[in-house]
Amino acid sequence: MFLLYNFIVLLAAATVKILAFFSPKMKLFVNGRKNVFKTLNEKIKAKDKTIWFHAASLGEYEQGLPVMEQIKAKYPNHKIVLTFFSPSGYEVRKNNTVADVTVYLPLDTSFNAKKFVALTHPELVFFIKYEYWPNYLKVLKQAGIKAYLISGIFREKQAFFKWYGGFYRNALQTFDFFFVQNESSKKLLQSIGHQNVKISGDTRFDRVVSILDRDNRLDFIEAFKNDTTTVVIGSSWPKDENLWVTYINQCSNEVKFIIAPHNIKAEQIADLKAQITKPTVLFSEKEGKSLSDYTVLIIDTIGILTKIYSYADIAYVGGGFGHPGVHNILEPATFGVPIVIGPNYSHFAEATALVNIEGCVTITNQYQLNDAFNNLIMNADIRHEKGHICETFVQMNKGATAVILDHINNN
């Protein structure tokens, strides 16, 4: 089976190289991996002690960050090696301060796995949430290196739980322990013979709670907001923005809007701004302007959305009209902000839970968006009640990092 798997990986690698000629993202995917081994050879010496964390993309990095920070504090003499699979994770966080070495994960061939593990020689390995690369896991198992899955989540439709999934079930044997988010994941793992599993919860709650202890002030947002009820539209896509442009243009309430699109390509930002009839300013154009005079602020940069949520009276989190669905709702929730999302959220446990307890409102069309926001804007009691539900939900679900560290400290 490994022969067939390795052939498929090599075929995929060749395909990606062709796609790189046409796709900037695929070009980053390919070019970013060219010097990984050289970088590792330069930054990690044979005498170094290391701990390896792997995140598929940006979301998994944020999810694993509380554990990385605690492990770094516990093992100050170890180098932290962080790998990403996706450009959307690596390119945003390649200059992070928690890891000593941050690189792309080389594709999962037998050669790459052996060379990567030989160069990094980690004492501990943490895979965040998912991504189970059979060659890497096989090499770790053969080397007797302890590996943990943190914030894991499993679903019945995955290959591990099908009659044909023996190859992938074998890969799971590498993990010394599974820390999963929920009871259903634990039961699924137990159904295929794994008793080394504990429900720790989701470390993302610890991540977002820690945001409250940071300085979230943004002077330009304060100047724009000017003590006016403000809606923050975060991580929006065109399908979200089509509804929002209509609402903003017809909105008669005294309210301001901050839009932070998921994609900040100049032409798309220009098109969005052109559709809005209310006074609108871009982040990149804000210098020298009286921001309080504007109704709409478009954030054409990255990295500050979390801080912006701290100024929101209401938040709309985008992605709910696409697949796999809505983006991170925990960041506005931790600030006690009521949230509105699109219809595709069922793959995200936290979104499902907040919808069920009515801290989060779902909409499917223009009429429902208009109704939801008119209600939240004009009724402060409802706004505060839903915000309190969101804040309490985050606080009640923190603590996953402590569960993981307690197990590692005592085993």
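With respect to the numbered conditions (1) open to solvent by 50 Å² or more (accessible area, probe 1.4 Å); (2) in contact with a strand residue (DSSP E or B) (Cβ under 9 Å, 6 or more places away or on another chain), which one is the sole condition not fulfilled by Pro324?
Failed condition: (2).
Please go through the range 290-321 and give me each residue that is touching an Asp or Glu at 6+ places or on another chain (Cβ under 8 Å) and of a type in the set (Ser, Thr, Tyr), ordered by number. Walk me through it before giving the result.
If we filter the range 290-321 for residues that are touching an Asp or Glu at 6+ places or on another chain (Cβ under 8 Å), which is where we start, we get 305-306, 309, 311, 316, 318-321.
Within the range 290-321, Thr306, Tyr309, Tyr311, Tyr316 meet the criteria.
Listed residues Glu131, Glu156, Glu123; which is acidic (Asp, Glu), surrounded by fewer than 19 Cβ atoms within 10 Å (Cβ to Cβ) and more than 19 Å from Ile51 (Cα to Cα)?
On the way: Glu131 fails: more than 19 Å from Ile51 (Cα to Cα); Glu123 fails: more than 19 Å from Ile51 (Cα to Cα).
Result of the check over Glu131, Glu156, Glu123: Glu156.
Yes or no: the range 113-126 includes at least one residue that is under 28 Å from Ala12 (Cα atoms) and among the basic types (Lys, Arg).
Of the range 113-126, the ones under 28 Å from Ala12 (Cα atoms) are 113-122, 125-126.
Subset that is among the basic types (Lys, Arg): 114-115.
There is at least one residue in the range 113-126 that is under 28 Å from Ala12 (Cα atoms) and among the basic types (Lys, Arg).
Restricting to helices (runs of 4 or more DSSP H) lying wholly in the range 287-405: which have 1 or more residues that are touching a residue at least 60 places away in the same chain (Cβ under 8 Å), more than 30 Å from Phe177 (Cβ to Cβ) and touching a helix residue (DSSP H, G or I) at 6+ places or on another chain (Cβ under 6 Å)? Quick ask: steps written out before the conclusion?
Details: elements: 305-309, 330-334, 349-356, 366-378, 380-396.
Ranges flagged: 305-309, 330-334, 366-378, 380-396.
Looking only at the range 263-284, filter to residues that are under 14 Å from Asn242 (Cα atoms) and assigned to a loop (DSSP other than H, G, I, E, B); which one of those is least open to solvent (accessible area, probe 1.4 Å)?
The selected residue is Ile276.
Name the residues in the range 1-58 that are open to solvent by less than 40 Å² (accessible area, probe 1.4 Å), in a helix (DSSP H, G or I) and hydroxyl-bearing (Ser, Thr, Tyr), would you? Spell out the reasoning first.
We begin by selecting, within the range 1-58, every residue open to solvent by less than 40 Å² (accessible area, probe 1.4 Å); these are 5-6, 9, 13, 16, 20, 23, 29-30, 32-33, 36, 39-40, 44, 48, 50-57.
In the following step, the residues that additionally are in a helix (DSSP H, G or I) were identified as 5-6, 9, 13, 16, 29-30, 36, 39-40.
Hits for the range 1-58 are Tyr5, Thr39.
Of the conditions (1) part of a loop (DSSP other than H, G, I, E, B); (2) open to solvent by 50 Å² or more (accessible area, probe 1.4 Å), Asn216 fails just one. Which one is it?
Single failed check for Asn216: (2).
Of the residues Ala171, Ala147, Ala143, which single one is modelled with pLDDT under 95 and in contact with a helix residue (DSSP H, G or I) (Cβ under 7 Å, 6 or more places away or on another chain)?
Values: Ala147 fails: modelled with pLDDT under 95; Ala143 fails: modelled with pLDDT under 95.
The conditions single out Ala171.
Pick out the one residue from Lys239, Lys186 that is open to solvent by 10 Å² or more (accessible area, probe 1.4 Å), touching a Phe, Trp or Tyr at 6+ places or on another chain (Cβ under 6 Å) and part of a helix (DSSP H, G or I).
Answer to the check: Lys239.
The values are calculated or read from the model by the stated rules, or taken from the named source; none is laboratory data. Note that the coordinates shown come from a computational prediction; the quantities given were computed from them, not determined experimentally. Cβ: placed from backbone, ideal geometry, glycine included. Neighbour counts: every protein chain shown. Keep in mind that these areas ignore ligands, DNA and RNA; they rest on the heavy atoms of the full protein, side chains included. Shrake-Rupley method; radii C 1.70, N 1.55, O 1.52, S 1.80 Å.
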